[in-house]
């Protein structure tokens with residue numbers, strides 16, 4: 001069975017702090033994909049990143065970076081120098097090979113960035 | 001359209017009533033998904049269409065839930081004999097066709113919030 005765990009329900013930081021959102025996953029598939037989505041108060045989920053299981057390179061996009069470690073089944077997300085606009089619920093998700101858009105989501109981490 | 005459009009944005013109904021929720025995907029997106037998101041939870045997969053046919057409906061909770069996509073574009077999620085436990089945000093997403101072995105990047109709509117009294 002596949003499962004995604006985001007143990008941090010809520011995180012509160014002050015603007016300009018760095019913050020890491022944890023994601024741990026379980027799967028028996030050897031080929032799979034991991035995602036992060038952002039859900040601002042408007043409700044629409046916004047795609048941030050997709051990573052396949054064969055690519056363990058860490059990725060950086062502006063203030064965002066992702067650390068994928070197969071050895072610990074983790075795909076953590078770091079926001080550097082957080083801003084108030086980063087306040088949202090962040091979801092980590094998993095899908096297996098050939099499952100297309102059938103995603104298994106974690107419960108989400110609500111990030112609050114205070115000025 | 002530019003994005004995934006869902007109507008209504010809010011629906012309040014009474015227990016036992018019938019409800020229809022509509023999704024208009026991005027033009028050219030042949031894949032369409034319905035998810036359900038309960039308060040404080042992540043979205044849960046309900047059903048996936050590739051074109052007009054339901055390719056995977058394994059997430060539908062019971063036979064009160066049904067979805068159609070007759071012309072391969074707009075989709076309607078139908079819920080019969082609604083129950084209070086059906087209260088949730090119903091999210092629709094669309095994507096380009098799935099490549100073999102691939103995983104789609106989904107574009108989500110803002111959702112339809114259903115409240116069953």
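Read-outs throughout are calculated quantities, based only on the coordinates presented, and are distinct from any laboratory measurement. These numbers come from a predicted model, not from an experiment. Neighbour counts run over all protein chains shown; Cβ positions are idealised from the backbone, glycine included.
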Let's test this: bin the Cα-Cα distances of region A:54-115 at 5 Å from zero up to the farthest pair and state each bin's percent. 4, 14, 20, 23, 21, 11, 5, 1, 0
Can you work out D for region B:1-97 in µm² s⁻¹ from Stokes-Einstein, where Rh is the Kirkwood radius over C-alpha pairs, the temperature is 10 °C and the viscosity is 1.306 mPa s? 117
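Quick one: B:21, A:94, fewest Cβ neighbours within 10 Å first, how do they rank? List each step's numbers first, then the result.
Working: B:21 22, A:94 25.
The fewest-first ordering by Cβ neighbours comes to B:21, A:94.
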Chain B: relative contact order from alpha carbon pairs under 8 Å, six or more residues apart, as a whole percent, is 36
Rg/Rg_globular for the protein assembly as shown, with Rg_globular taken as 2.2 N^0.38 Å and Rg from C-alpha atoms: 1.02
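Based only on other Cβ atoms within 10 Å, what is the fewest-to-most ordering of B:108, A:35? Working shown, then result.
Details: B:108 23, A:35 26.
Lowest to highest Cβ neighbour count: B:108, A:35.
Could you work out the Kirkwood radius for chain A, taking every pair of different alpha carbons, averaging 1/r and inverting it, reported in Å?
Values: mean 1/r = 0.0701 Å⁻¹.
It works out to 14.3 Å.
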Choice from B:72, B:102, B:42 showing the highest fluctuation, given a GNM over chain B with Cα pairs closer than 10 Å: B:102
Top mean-square fluctuation among B:95, B:75, B:58, Gaussian network model of chain B, C-alpha springs under 10 Å? B:58
When the Cα centres of region B:9-30 and region B:84-117 are compared, how far apart do they sit, in Å? 11
